[in-house]
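First up is the structure itself, then whatever we jot down about it.
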Amino acid sequence: MNNPFFSKRIIKSIFAVGIVLGCHLTTNADTVSAYTSGSDTLTISRQECIEIALQTSPTIKIKNLEIKRLDFAKKETTSGLLPTIDFSAAYQRAIELQTIRMNMGGQSQSLKMGSDNTWNVGFNATLPIIAPTLWKAIKISDTQILSALEDARSSRLDMVNNINKAYYSWLLAIASRDVIRQNYEVARLTAEIYEQQFAAGTATEYDVLRSSVQVKNIEPELMQADIAVKQCALQLQVLMGMDYMVELKPNITLREMQQQMYGYELGREKSLADNSSLRSLDIQKKLLEQNVELKKLTWVPTLGGSFNISWLSLSNGNALKNQEFNPYSTVALQLSVPIFSGGSRLYALRQAEVQLKEIALQRENLVNSLNMQIDLALDNISKEVKQISTSEEGVRQAVKAHSIMQKSFEIGAASYLDLRDSELAETSAKLAYYQTIYNYLVSSSELDLLIGRESELTNR
C-alpha cells in the first residue's frame with residue numbers, strides 16, 4: 001500500500017539533501033594525489049575536504065595575489081622617500097650659427113656666435129624633504145594591505161562553510177538512502193513471503209499484489225536517494241576542485257557526528273570581534289579617516305631638494321674630435337606653498353568627511369543586524385538540540401512499535417496494513433532524526449561563519 005505521507009516525506013528529504021551550493025572552481029586532481037594514492041575510492045574527512053579546497057580554490061589564490069600586489073604597491077609608495085637619480089645626455093649640431101651685427105668704428109660688422117657641436121651629459125638627483133601627503137600615503141598602503149588580508153580571510157571562511165554544508169548534505173543523503181534501502185529490503189522480503197504463502201495456498205492473490213506494488217512504489221524513491229548521494233558527492237568534488245572520476249567515501253556517519261557535536265553551543269560568547277563583515281567595515285572606516293587626514297595635508301607646504309651635475313662640451317668641426325668637457329653643478333631647494341585652488345581642496349575634504357559619517361551609520365546598522373542574527377542562530381541551535389533528543393526518542397519508540405507489530409503480524413493478530421504502517425512510521429522517524437542532526441550541524445557552521453571563528457570551522 002502506498003502511503004502519501006511517507007512518499008512526501010521521502011521526496012522532501014531527498015530534495016533537502018540534493019541542494020547544491022554554487023561555487024565555480026577549477027579541477028586540480030594533482031592536489032589530492034597524496035590522498036588518493038592511486039586508488040579509485042577515496043575515504044575522506046571533512047577536515048581533509050577543507051584542506052584540499054583551500055589549496056585549489058582560485059578565489060583564495062586570487063585573494064593571496066591581491067595581498068602580494070598591494071605589498072608591491074606599498075613598496076612603490078615608500079620608494080618616493082628615497083632620492084630619484086636620473087642620467088641624461090644630449091647632443092646638438094648647429095646647422096646655421098647665430099649671427100649678430102655690431103657697430104664698430106662707424107661700420108656695421110656681422111659676427112657668428114656659437115659652436116657647431118654641443119654635448120651635454122649629467123646626473124640629476126631629487127629628494128623630498130618635507131612631504132606630508134607622501135607620508136600619509138604610506139600609512140594608507142598599510143591599511144589597504146590589512147583590508148586585503150581580511151578579504152582573503154572572509155573568502156576562506158566562506159569556503160570552509162560551503163565545504164561543511166556540502167559534507168553534511170552528503171552524510172544526510174547517505175543516511176537517508178540507507179533508511180530507504182532498509183525499508184525497501186523489508187518490503188521485498190515481505191513480498192517474497194507472500195509469494196511463497198500464495199504458492200502454498202495460505203495467502204490470497206490480493207496479498208501478493210499489494211506487497212508487490214509496495215516494492216514497486218519504493219524503487220523510484222530508492223533511485224532518487226542514489227541520485228541525491230551522487231549529486232552531493234559531485235558537489236563536494238566541485239568545491240574541492242577534485243577529479244569527478246574519483247569515488248568519495250566519508251570517514252564518518254551522521255549518527256557518529258551526533259556523538260561529537262553536543263555541548264558545542266555551551267560557553268559560546270556573543271562577540272562580534274571576529275566577524276569578517278564588521279572587521280572589513282572597520283578597516284574601511286580607518287581608510288576613510290586616513291583619507292580625511294590626507295585631504296587636510298594638501299594645505300601643508302612641501303619642501304624638496306635637488307642636485308645637478310653636468311658636463312658641457314662646445315666644439316667646431318668633427319663632433320667626435322677635440323671634445324673638452326667642463327663640469328657644472330648646482331644644489332637647490334624648492335618650497336611649494338598651496339594658496340588657492342578654486343576651492344577644490346576644500347570640497348574634496350568635505351566629501352571625505354561625509355563618507356566617514358556614512359560609514360559610521362553603516363557600522364551601527366550592521367552591528368544591530370549581526371546581534372539579531374547571532375541571537376536567532378543561538379536560539380535555533382538550542383531548539384535543534386531539543387529536536388534531536390525528541391527525534392531520537394521517536395526513533396526508539398518507532399523501532400519498538402514496529403517490533404511489536406511484527407510479532408503480532410506473525411501470530412495473525414495484526415494485518416499487513418498495520419505492519420506496513422509501523423514500517424512507514426519507523427522510516428519517517430529515522431529520516432526526521434537524521435534531518436535534525438543535519439540542521440544542527442548546518443546551523444552551527446553558519447554561526448561559525450557569522451562569528452568568524454575560523455579555528456572552530458576547521459578543527460571542530
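Just so it is clear, none of the values below were taken in a lab; they were calculated from the coordinates. Bear in mind the structure is a predicted one, so any value in this text is a computation, not a measurement. Cβ sites come from the backbone with ideal geometry, for glycine too, and all protein chains shown count toward neighbours.
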Length gained, Trp299-Asp178, 0.36 nm per residue minus C-alpha separation, equals 36.2 nm
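Pairs of Cα atoms under 8 Å, at least six residues apart: use those to get the relative contact order of the range 329-460, whole percent.
Numbers: 55 pairs, mean separation 36.7, N = 132.
Relative contact order here is 28 percent.
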The simple spin-label model distance between Ile227 and Thr390, using points 7 Å out along Cα→Cβ, in nm, is 3.2 nm
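Between Gln47 and Tyr244, what is the FRET efficiency for a Förster distance of 22 Å, r being their Cβ-Cβ separation, to the nearest 0.05?
In this case the efficiency is close to 0.55.
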Treating only Lys and Arg (+1) and Asp and Glu (-1) as charged, each at its beta carbon, one finds that the range 210-256 has a dipole about its Cα centre, in Debye to the nearest 20, of 200 debye
Computed from the beta carbon distance with a Förster radius of 60 Å, FRET efficiency for Gln334 and Ser382 to the nearest 0.05 stands at 0.30
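Please compute the contact order of the chain in relative form: average sequence separation of alpha-carbon pairs under 8 Å and at least six residues apart, divided by the residue count, as a percent.
RCO, the chain: 25 percent.
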With the 8 Å Cα cutoff and a minimum separation of six or more residues, the range 168-308 has a relative contact order in percent of 26 percent
If the label point sits 7 Å along Cα→Cβ of Asn64, residues of the range 140-181 with amide N under 20 Å come out as 145-164
CD proxy, 222 nm, the chain: helix-only mean residue ellipticity via -39,500 (n - 2.57) per DSSP H run with n ≥ 4, per residue, nearest 500, stands at -23000 deg cm²/dmol
Sequence order, the range 317-327: Karplus ³J(HN,Hα) from phi using 6.51 cos²θ - 1.76 cosθ + 1.60, θ = phi - 60°, Hz rounded, Gly and Pro as x, gives x, 5, 6, 9, 10, 6, 8, 10, 8, 10, x
With the dipole of the chain defined by +1 on each Lys or Arg Cβ and -1 on each Asp or Glu Cβ, the option from Ile309, Met242, Leu441 whose Cα lies farthest towards the positive pole is Ile309
With 0.36 nm assigned to each residue of separation and the Cα-Cα distance removed, Asn316 to Glu195 gains 31.3 nm
Calculating Kirkwood radius over Cα pairs in Å from this structure picks out, from (i) 24.6; (ii) 29.9; (iii) 23.1, entry (ii)
One would report the antiparallel percent of DSSP beta bridges in the chain, rounded to the nearest 5, as 90 percent
Cα extents of the range 237-339 per principal axis, largest first, Å, are 98, 49, 19
If the chain between Thr202 and Asn326 were fully extended at 0.36 nm per residue, the gain over the current Cα-Cα distance would be 32.0 nm
Rounded to one decimal in nm, the spacing of the 7 Å Cα→Cβ label points at Leu127 and Glu353 is 3.8 nm
Answer in debye to the nearest 20: the dipole magnitude of the chain about its Cα centre, from +1 Lys/Arg and -1 Asp/Glu charges placed on Cβ, is 1860 debye
Between the modelled labels at Met113 and Thr78 (7 Å from Cα along Cα→Cβ) the distance in nm is 5.3 nm
